[in-house]
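These notes concern the structure reproduced below.
The values are calculated or read from the model by the stated rules, or taken from the named source; none is laboratory data. Just so it is clear, the structure is predicted and the values come from calculations on it, not from any experiment. Ideal geometry is used to build each Cβ from the backbone, glycine not excepted, and the neighbour counts take in all protein chains shown.
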Amino acid sequence: MEIRPSTSLRNQYSEISDYCKNTGEPIYLTKNGEGDLVVMSIEAFEERERIFRIKEKIIEDRLLAGVKPNGYSLEELDAAIKSIVQLNK
């Protein structure tokens, strides 16, 4: 996990941008020593959003099928998401 002061965004923008794009990882920015913002590449953000939409769709489908909200184990949910992500590539 990369944590930096918020001033580094202004002073080291290119370095932060390259880090986020190359690693796919976010950088956590602090202000006065406290967590303030998270910066990430657009690609990483869009991938996270896509996975959230897939999870919502899985949950919605399960609810419509009459399955209780806790009907998936974490392992089952991860496997279902991975198979859907592979199909949508």
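On the stretch given as the stretch 52-75, residues that are touching a helix residue (DSSP H, G or I) at 6+ places or on another chain (Cβ under 6 Å) and modelled with pLDDT under 75 total 1.
Between 56, 49, 43, 25, the distinction of being part of a loop (DSSP other than H, G, I, E, B) and within 15 Å of the chain's Cα centre (by Cα) belongs to 25 only. Just one residue in the set 18, 78 is among the acidic types (Asp, Glu), surrounded by 11 or more Cβ atoms within 10 Å (Cβ to Cβ) and modelled with pLDDT under 95; that residue is 78.
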